[in-house]
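Contents: one structure, followed by commentary.
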Amino acid sequence: MAYASREFGLSFMLTPMVKRLLIANVVVFFLTIAVGQAFMFEWFAFQPGELILRPWGPLTYMFLHVDLWHLLVNMLVLFFFGPPLEGRWGGREFLRFYAVCGLGGVALSFLFQPDWIVGASAATYGLMLAFAMNWPTVPIYVWGIFPVQARYLVGFLFLVTLWSAGPGAQGSSVAHLAHLGGLLSGFLYLKADWRPGERLKQMQRSATRRRRLAIVPRDENVDEQRGAQTPGKRVREDAALYDRVDAVLDKISAEGMSSLTAEELRLLDEVSKRHRSN
């Protein structure tokens, strides 16, 4: 599975937090082989009945895997979908989201099907959802051959997971409810925008915008040409313009200048000329 997009300028560059998570999962996998799966699962898997004695289980279970295939699938998802998200959010925000999805998987499984769980699947399902919410039209090449837009692929994945987590999931060796919990917690987290870093950025943008609007000199000639436009209307227009500029600047920060469309380049040029003329 791979993705590609000339429009968004996405790449396969490995980001720091994704690299650390990959290394940690691989190291723990080989440690499990060396020490013994029974010991590692007993002490570090999520076990509802041992939650009080082993409260670290809801976090450490994400680094344990049953076999090589289990590890490989989760690490491939982390490798492909993690870097663009970390590039947009930053390492701390990315790790927080990863952990929230993993904990969401534990929570849903604990509520409806309390059983021991291992694996990073809840977290990686959340990463796929976040990718689709940020870049819905980016084609994902399933098996490297069939292009499917991210939103459709993740939508299909959600329906399959929802069906699999139904009444027939009892007795299954796959933690379908944990997968579903990762998807749902990731969706709620992003929709509620509980990310502290994003909220801080929004506050900074708002303050910067107010300063911009306060210091931009008024051109009397332009005011006369505008005629019936009221000051309130001009402020609203300026605010809308700076909203668009902020979005373009965010895109540059996340994906570089090469990702800008011709219209976005014209917008930056227009704003630059406007400030120079003032």
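The values are calculated or read from the model by the stated rules, or taken from the named source; none is laboratory data. As the structure is a computational prediction, the values presented were derived from the model and not from experiment. Cβ placement follows ideal geometry from the backbone for every residue including glycine, while neighbour counts extend to all protein chains displayed.
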- Task: Go through (1) at pLDDT 90 or above; (2) surrounded by fewer than 21 Cβ atoms within 10 Å (Cβ to Cβ); (3) more than 21 Å from Val106 (Cβ to Cβ) one by one and return the number of the condition Phe158 breaks.
- Result: (3)
- Note on the structure: Taking region 248-264 and keeping only residues that are part of a helix (DSSP H, G or I) and either under 18 Å from Leu85 (Cβ atoms) or modelled with pLDDT under 75 (or both), one is left with Asp250, Lys251, Ile252, Ser253, Ala254, Glu255, Met257, Ser258, Ser259
